[in-house]
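Taking it in order: structure first as structure tokens, then the write-up.
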């Protein structure tokens, strides 16, 4: 599994539609805290491989090993081809 940070690829000012199209083309799952944009119209209107949205910003910062385990659980449950155009809420998969 490869991990990229958006700002490393696009810089500080990334357009949401450009990011989703890039992720779809390159086969990346987008993990974001931006539930307003990606959980709304942008996430529904643009084809993508998958969007994982987290609502607890402290979870990734304070417990990265748990967050990675949660993401691995999601990816082991869903084959990637079934995640196309789906929104997955990371918080719903937490076990800690």
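The numbers here are math on the coordinates, done by the rules we state, and not lab data. Since this is a predicted model, take the numbers as computed values, not measurements. Positions of Cβ are generated from backbone atoms using ideal geometry, with glycine treated the same way; all protein chains shown enter the neighbour counts.
Would you mention how many residues in the stretch 33-57 are assigned to a loop (DSSP other than H, G, I, E, B) and over 12 Å from the mean Cα position of the chain (by Cα)? Number of matching residues: 4.
Taken over the stretch 70-92, residues that are surrounded by 15 or more Cβ atoms within 10 Å (Cβ to Cβ), part of a helix (DSSP H, G or I) and either in contact with a strand residue (DSSP E or B) (Cβ under 6 Å, 6 or more places away or on another chain) or free of Cβ contacts under 8 Å to residues at least 40 places away in the same chain (or both) amount to 3. Sort out which residues of the stretch 16-32 are touching a helix residue (DSSP H, G or I) at 6+ places or on another chain (Cβ under 8 Å) and either within 9 Å of residue 49 (Cα to Cα) or part of a helix (DSSP H, G or I) (or both), and write them in order of number. Answer for the stretch 16-32, where residues must be touching a helix residue (DSSP H, G or I) at 6+ places or on another chain (Cβ under 8 Å) and either within 9 Å of residue 49 (Cα to Cα) or part of a helix (DSSP H, G or I) (or both): 16, 17, 18, 19, 20, 22, 27, 28, 29, 30. The condition of being touching a residue at least 12 places away in the same chain (Cβ under 8 Å) and surrounded by fewer than 10 Cβ atoms within 10 Å (Cβ to Cβ) holds for residue 2. When you look at residue 13, is it over 21 Å from residue 77 (Cα atoms), without any contact (Cβ under 8 Å) to a residue 12 or more places away in the chain and not in a helix (DSSP H, G or I), yes or no? Criteria met by residue 13.
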